[in-house]
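The values are calculated or read from the model by the stated rules, or taken from the named source; none is laboratory data. If you're wondering where the values come from, they're calculated on a predicted model, not measured in any experiment. Heads up, the Cβs are rebuilt from the backbone with ideal geometry, glycines too, and the neighbour counts pull from every protein chain shown. Keep in mind that these areas ignore ligands, DNA and RNA; they rest on the heavy atoms of the full protein, side chains included. Shrake-Rupley method; radii C 1.70, N 1.55, O 1.52, S 1.80 Å.
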Amino acid sequence: MKKKTLLFCPELNQQTNVRIEELKNTVAEWIHSEAFTDLVRLFDGADPQTDSLKEQIEHYNNFVDVWDYRKKKANGGERWLIKEDTFLKEHKQEIMENMALLGLTDIVDPVTEPDYILPLGGAKMSNLDRCLEAADVCRQYPDSDIPVIALTGMRPISDAERSCIDLYAPDAVTEYDAICAGMTQAFHLENEPFNEETHSNENVNLSWAERHYNNTSRTIDILSAPSSDPARRANSMDTFEFFLEKYNPKRESKILLVTSCIYVPFQLMKFTDLALSKGFYVDCIGNKDYSNASSYLNTASFLQELKAAVNAIYSLSVKYF
């Protein structure tokens, strides 16, 4: 039976060089796992002909372009527009069994009690489901008033997701509006007063906003970040760095990201860079499927996000390995 192999952020209370060695070990175990190598071979990928971990990662980083269905099938568009082909349909069971073993389907429990819980904004039902998961995590730690700060951007709601957004945020114009509605529902904030600061810009990518609830037992905030690049909308790294700027968490803080299960390995590796450079611990979980939102995902979607995880590992290897 194949082994389940997960990625982890290196533990705290260690020197940075020790944390980097721990990261190397967890990455090596993941890319050498039977689940990962079987997927590579299914798509006619070759094993790397080197003992160097850094070169092995580079080899796989070059290979995973074969899984760029966002480029091939969605013309570079949104993730939910990715389509399956006949090969993927025929091998769906095998592919999805390996995805589960690599941590893309069911990671919903934190590794440790966090100091901050950060539900991340997204598309369709994500702005509700991830907030519901954040609330569920809070219930797991009833003796701790862990701050919850939702992170998002001012991306306009698209026509393709309008029917989903209307189920919980019918008045939403932006992703920020949608996650405000999701947080309101998840934490029962309908009658709670709040302060809100908004900074509009002719370029919506540079607009930002912050909402703070006043009378809740824990800190509950919603933060919409500007993009670091005026030519594109804010991405998850922009929102996370904006959180770090605004809240300045102390070294050795434990930060929990709440996303969708399919994005857990990618998001975890993406933010591990900041965890190493700034001395904190990052964990990442997905939300349980409260609204059956995963029904629009297919094997191509999972391969796309496996590619993203490998790309993020490669970026770490270039910087640290």
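Within region 311-321, can you find the residues that are surrounded by fewer than 23 Cβ atoms within 10 Å (Cβ to Cβ) and assigned to a helix (DSSP H, G or I)?
Taking region 311-321 first, the residues surrounded by fewer than 23 Cβ atoms within 10 Å (Cβ to Cβ) are 311-312, 314-321.
Result: ASN311, ALA312, TYR314, SER315, LEU316, SER317, VAL318, LYS319, TYR320.
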Filtered residues of region 163-198 (kept if more than 22 Å from the chain's Cα centre (by Cα) and assigned to a helix (DSSP H, G or I)): SER163
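Considering only residues of region 125-145 that are outside any helix (DSSP H, G or I) and out of contact with any helix residue (DSSP H, G or I) (no Cβ under 6 Å at 6 or more places or on another chain), which is most open to solvent (accessible area, probe 1.4 Å)? Lay out the reasoning, then the answer.
As a first pass, look at region 125-145 and keep what is outside any helix (DSSP H, G or I): 125, 141-145.
Adding the requirement that they be out of contact with any helix residue (DSSP H, G or I) (no Cβ under 6 Å at 6 or more places or on another chain) leaves 141-145.
Working: TYR141: 44, PRO142: 104, ASP143: 152, SER144: 29, ASP145: 93 Å².
Per the stated criteria, the residue is ASP143.
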Considering residues of region 12-51 that are out of contact with any helix residue (DSSP H, G or I) (no Cβ under 9 Å at 6 or more places or on another chain) and polar (S, T, N, Q) only, the residue nearest to GLN93 (Cα to Cα): THR26
Complete set of residues in region 268-310 that are more than 19 Å from PHE321 (Cβ to Cβ), of a type in the set (Asp, Glu) and open to solvent by 20 Å² or more (accessible area, probe 1.4 Å): ASP289
Enumeration of residues in region 244-261 that are under 15 Å from the mean Cα position of the chain (by Cα) and open to solvent by less than 10 Å² (accessible area, probe 1.4 Å): ILE255, LEU256, LEU257, VAL258, THR259
Of the criteria (1) open to solvent by less than 70 Å² (accessible area, probe 1.4 Å); (2) in a loop (DSSP other than H, G, I, E, B); (3) touching a strand residue (DSSP E or B) at 6+ places or on another chain (Cβ under 9 Å), which one ASP109 fails: (1)
Any hit, region 70-85, residues being over 21 Å from the mean Cα position of the chain (by Cα), open to solvent by less than 60 Å² (accessible area, probe 1.4 Å) and farther than 15 Å from ASN298 by Cβ: no
Single match in ILE149, ILE157, ILE179, ILE165 (criterion: touching a helix residue (DSSP H, G or I) at 6+ places or on another chain (Cβ under 8 Å), open to solvent by less than 30 Å² (accessible area, probe 1.4 Å), without any contact (Cβ under 8 Å) to a residue 24 or more places away in the chain and at negative phi): ILE157
Residue in region 212-235 that is touching a residue at least 60 places away in the same chain (Cβ under 8 Å), out of contact with any His (no Cβ under 8 Å at 6 or more places or on another chain), assigned to a helix (DSSP H, G or I) and within 19 Å of LEU128 (Cα to Cα) present: no
Scope region 250-290; condition among the small types (Gly, Ala, Ser) and either out of contact with any strand residue (DSSP E or B) (no Cβ under 8 Å at 6 or more places or on another chain) or assigned to a helix (DSSP H, G or I) (or both); matching residues: ALA275, SER277, GLY279
Sole exception among (1) open to solvent by 60 Å² or more (accessible area, probe 1.4 Å); (2) at pLDDT below 95; (3) farther than 26 Å from LYS288 by Cα for LYS89, by number: (3)
Output for region 191-232, where each listed residue is open to solvent by less than 50 Å² (accessible area, probe 1.4 Å) and touching a helix residue (DSSP H, G or I) at 6+ places or on another chain (Cβ under 8 Å): TRP208, ALA209, GLU210, ARG211, ARG218, ILE220, ILE222, LEU223, SER224, ALA225, PRO226, SER227
